[in-house]
Structure formats: C-alpha cells, structure tokens
Amino acid sequence: MSQDKITSILKEDRKFTPPESFAAQANLTPELYKALKEEADRDYEGFWARLAKEELVWDKEFDTTLEWEPPFAKWFTGGTLNMSVQCLDRHLNTANHNKAAIVWEGEPGEQRTLTYAQLHSEVCKAANALESLGIKAGDRVALYMPMIPELAISLLACARIGATHNVIFGGFSANAIRDRVEDSECKLVITADGGWRRGKVLKLKEKVDEALNQGCPSVEHVLCVKRCDNHVIWNDDRDIWWHDIMPKQKTKHTPDSFDAEHPLFILYTSGTTGSPKGVVHSTGGYALWSKISAKWVFDLKPQDMYWCTADIGWITGHSYIVYGPLQNGATTLMYEGAPNWPEADRFWDMIERHRVSIFYTAPTAIRAFMKWGDEHPEAHDLSSLRLLGTVGEPINPEAWMWYHEKIGDSSCPIVDTWWQTETGGMMLSPVPGVTTTTPGSATHPLPGIQAAIFDSEGNEMPRGEGGFLVITKPWPSMLRTVYKNPERFKNGYFGRFEGVYFAGDGARTDDDGNFWILGRIDDVINVSGHRLSTMEIESALVSHDFVAEAAVVPREDDLTGQAIVCFVTLEEGDEGDALRAELSAHVVKEIGSLARPAAIHFTDALPKTRSGKIMRRILADVAAGRQPGDVTTLEDSSVLEKLRTIANETV
Ligand code: WTA
C-alpha cells in the first residue's frame, strides 16, 4: 500500500474515432455530451435533479437533491418510487407492452421470451408469493440461482415489495452462502434444484441445504425452482417449490412506494480485510444511474438486441442485464451456460441467431476466444453487431485489437467501462458516438462523474504520472454503506482522503487526459474479472489442520489476468502433490472454484519484516519466477534460500 507512484511502461498511441455512421445516429452527440459535462460542472446538484425528474417515475417528488455528510450521502430525499415500476409498469401503456423484455437461452438450447407485459405478470405473481411467505419491505432475501428468467423475476419481485435482495453467485460454496446469508440475516433463500454448466448439473439446492445445516437461523423458507430435475432432499416444513406457489398467485400486484434511500440490494464483494463486505445500494440514486449510464454508453435504441454475458451474481448483471436495460425498455438477452458449450463458437452462434447488436463481455473471455481460434467467430455472421463493450479488468491492447477486428469487423466502437460493485454503475467509459478511443484505456469519466488521480497527500497528479484513482464528489449510485458496518465503509473507502472516495485502483492519465487503469493497489486479486481477497484465501488455507501460515499473492496470467499463488508453511503433513491437491480442494470448498490456486508452494517460513509483516513483494517476485528484489528489511534471511529455489523452479 505504500506505493503512491505507479509507473507504467505501456505506450499505446493507436486512436479510433467513432465511425461516422455510428456518430450520426448516436443518442449522445458531441454537442450533447459537452453540454452535459458543462451543466454538471456549473450546477452539480441541478444537473442530477434535472435528470432524476426526467428519467424516473416518482410517486412523490423529492425535495432535496443531495444531503452530503461525508462519507454518508442521501440522494433525492423526500421522494418515493418503486424500482419494479421503473422497469416494468412504466412500459405497459407504451409501444413496449408486447416488446420482448428478456430473451433467454438455456445451455441445452431451450428458449423463452418474456414480453414486458408477461414479465410484469410474472413479477406480480412472484411479489404476491413472497408476501404470502411473510416477506415484507426491509426483509432480506438471498438468491442463489442459475441464470434463468426466474432469477430476474425474483430480483424484480423483491424490488417490488421493498425486500432487499442479496444475490450470491451460483459458483460460490456452501460456506460462502452461509457467511453471506448470516451476515445479512436473510429470511428467505430462493434457489433452484440445479443449473446447467458445460453439460453438467450444478447442484444448487444441495449447496443451500449444506449452508443451512451449518447455521443461518434467520432463514424461514427456501423457495426452489425446478430447472434440471436432479434429485433434491426436501424439507417439507421449510422448502417450497416455485411451480407450486406461483400458479396460485394473482397476476396483479399494487406496488408500494419506497423512499429514494430504501436499500434495494446488498451485494457482497471482497475487500482488503477478512470477510466479504455487504455493499448496500439505494433505490433512487441507483435507478437513475443504472438507467442513464446504460442509455449513454450502450446507445440503446428500441430495435436493439442487447447482450451482456455477465452473471447476475455480479454487479454487472444487476446493473446491465436487469435494471439498466429494462428501465430503458430494451430487449436483454440472458444466457444460462458456458461460452464453449457445446462448442467454442456458442457466443458467435448466439449473436448470429438472435441478431445481437450490442455485446458486453469481459477481457478474460476475449482472451479465451483468441486462444480458441479465429475460425469460430469467422464461421458466423456477426454483421448485426454495432457496439462492443468490456468490463471487469484492464483489457490488454492485443485483446482490444482482436475484439475490434475479429468481432467488430473494424467498424464497431468499443466501450471499455471501468467501475466497481461499489460504484453501482459505470464511472469511466467512452461514449460511443463521441469519444476517440485508444486500446487499453477506459478514457474519461462519464458526464456527472468527477474522477481524479491523487498522490498519497491528496494532491492531483500531473498528467502521465500514476497514483490513486479517486472520485471527488458523491454520485447517485454510490454505495451507501457496508451492511451493518458503517465504520468499515468509512475507513475502507473514505479513510485515505477526507470526503473523497478511493476505489482501490491505481491509474494514470495520458497527454489527452485519458485514464489508464493500472490495477488494484490493495490485497485483492482479480481473477477473470472477479475480485477475490487474498486475506480470505489465506484464512481458507489456514483453516486446514496441516497449515501453519499462508500468504497469497497474484501472478500475471495470460488468460485470467491474474492468478492465485499460495505460499504455505506446514504444521504437519508431507510437502508434496497429494497435499497440494488437498489444499487446493480445501480452498475451493471454502470459497468456490473461482479461488482455485494456480500454484501452491511449500516453504519453511514466510518472509517477514522486523515488525512481522509478510513481505508480499518478495513473494510476488518468487511467484513470477523472478529472484526476490530488495530484501534489506527482511527479518530472517535464511528463508530466502528456499524461496530462491522456488523462483528457479517457476521460470
Ligand atoms: C477492475 C466490476 C480496468 C478494477 C464492474 C475494479 C477494471 C474492479 C475495469 C471492480 C476496466 C473493472 N478496466 N479494470 N474497464 N472494470 N475493473 O467490483 O480493479 O467486480 O476495482 O466490479 O475490477 O470489480 P467489481
């Protein structure tokens, strides 16, 4: 954390101006974009108040735009609204009534289309069902589900009745479910018997049972969708089938209206210390920014077929599969399974069949597509595409160029969007009809977002130099707190600079004022765009009986961006592949398969400073196969010998 100067050796000067044909039809023209930026600079609150009035359906108008008592913000206070109304009811008396809201494809190939009217009926039924189970506004509901329409329906049903949803990614372990359900004291868990992934059934209900057997006393019911028809153990007192409860419900539901600050959802994410943090998002501010950022950045038009390949278990799916697109009346494509099932061309085949026009995916996926071979996209007609996007980690320029040429036929703008679970929506991104892009840069803050790069004293860095990426003013979709832990919110995000949000990433600007993200500066590893805390992986390792101490560091990886490398000292047991495999399985069991270590090294001791701090820099060198650099502050240099051997073996 001591580094406040981060140097970058990357020199990239290829530039791409928006294609004329795109710019001519774009929602945001250069003039509008400029006007928005000027308006936000001139009258920050007035800017947001105007947008909130124009874009959202308020049951009661707000009287105050922003109450800012750093680090606590309240937006649009006095106003009340309902998020499911923004997404559904508002479209019912318009041309969108019979328009497809969700087009879904299961991994085995089934398809379902729900129009706005049909989705509205399903959400009303689900809202009634939740109420019949005793769920009220303010209760928390956990969702541990595959990517099926019922997941979106459940999300919107919670929003409709004011229950705060807590989506847990379907790849997480029973322990991870238990931690999240217990921390947020959920009354209900919605799940499915299973979900399809690479032709196999992921047994979701089984994981939920395991979590509930270990604890989770707050849970009264488990609502279960039948998806794969795999065997499940049934608890008659607690478990309810979706297909039993839903047909009994009315297709009408009168929505209540909630305060703009009502907590819409909690989403857990990895932070610098220990347990995952429950990031809390509000209703009004989140609704506003997920809506307009999607409209500006994806240039959404009535005829678009929009596809974001994320899972709803992550923030990207919340904001840009469900809430952003639906508020805009767009058609959002939702896919259940893996990108290479049954073949490596599944995504291109889907783009061709569904005539996808806007495609949003992650750099790690793009690198995998490159590896699988150009023949797969080449075998398909991708001419429906008009805009491409990426999110989750820095995109390396080669991957950007491949995406541009092979997928976008050198004619689609690419929006590289930088944001976080905590920001609720995109913060830095090109606007496709306006911004000149450069491969690897997320370019500029969106209108209304005030980003800067600071040195460790909080001074703005000159162009070209790296530092801390900060947001200097509150914005509507910012996280409001860490669930039940305002201190952690305060220290974790506003502790470094007074009243200024620090995001955990390093960045620099270039001569054109473009921002370049240089990666995380905290103890978080970004594997395939997913944030994992080194602390969590270390505690998982140490929870194994044989392990005395563990340290986890990232290593660059061509495919996943970063990979997990573990250094372990043992209390007992034999150093060898058998124990390696066992420890690896143990981490997967504790956290989930995303956290599977790429390497586990046994060592007699960990390198520490005299004050007892693990010197991760040395371990990072060793993990990369480099001989450790400056070791002068090392307390006991005898550990180096073993580490040097490991480094040599790693090359
Ligand atoms: C990283 C995902 C570079 C970054 C929406 C951030 C990126 C973390 C980009 C948040 C990007 C996300 N360029 N890095 N375009 N987008 N990141 O919370 O390190 O899962 O802090 O949110 O991903 O991950 P999270």
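Points to keep in mind about this one:
- Packing-based exposure ordering (other Cβ within 10 Å, fewest first) of 53, 203: 53, 203
- With K and R counted +1 and D and E -1, the other residues having a Cβ less than 9 Å from that of residue 413 yield a net charge of 0.
- Among the listed pairs 34/473; 291/406; 53/484; 125/295, those whose Cα-Cα separation exceeds 24 Å are 291/406; 53/484; 125/295.
- Global size of segment 544-645: 13.6, 38 Å for Rg and Dmax (C-alpha atoms, Rg to one decimal, Dmax whole).
- Residue 244-residue 218 FRET efficiency (beta carbon distance; Förster radius 35 Å; 0.05 resolution): 0.90
- Taking label positions 7 Å along the Cα-Cβ direction at both residue 455 and residue 92, the computed distance is 5.9 nm, reported to one decimal.
- Kirkwood hydrodynamic radius (C-alpha pairs) into Stokes-Einstein, segment 101-246, 10 °C and 1.306 mPa s, D in µm²/s: 104
- The ranking of 591, 407 by Cβ neighbour count inside 10 Å, starting from the fewest, reads 407, 591.
- Pairwise label distance in nanometres, residue 542 with residue 198, each label 7 Å out on the Cα-Cβ vector: 3.2
- Counting 0.36 nm for each residue step from residue 636 to residue 21 and taking away their Cα separation leaves a gain of 215.0 nm.
- Taken over segment 382-502, the percentage of Cα pairs per 5 Å bin, counting from 0 up to the bin with the maximum distance, is 2, 10, 18, 19, 18, 13, 9, 6, 4, 1, 0.
- FRET efficiency, 1/(1 + (r/R0)^6) with R0 25 Å, evaluated for residue 338 and residue 233 via beta carbons: 0.40
- Projected-area mean, the chain, by convex hull of Cα positions, square nanometres: 27.9
- Cβ-defined net charge surrounding residue 81, 13 Å radius [Lys, Arg +1; Asp, Glu -1]: -2
- Helix-only CD estimate at 222 nm, as mean residue ellipticity for the chain, using -39500 (n - 2.57) per DSSP H run (n ≥ 4): -8500 deg cm²/dmol
- Cross-link table 60/252; 60/99; 187/226; 187/277, entries beyond 25 Å C-alpha to C-alpha: 60/99
- Full extension of the chain between residue 77 and residue 405 yields a length gain of 113.4 nm, computed as 0.36 nm times the residue separation minus the alpha carbon distance.
Each reported figure results from applying straightforward, stated rules to the coordinates on display, with no laboratory input. In this text, all values refer to a predicted model and were calculated from it rather than measured experimentally. Cβ coordinates were reconstructed from backbone atoms using ideal geometry, including for glycine residues, and neighbour counts include every protein chain displayed.
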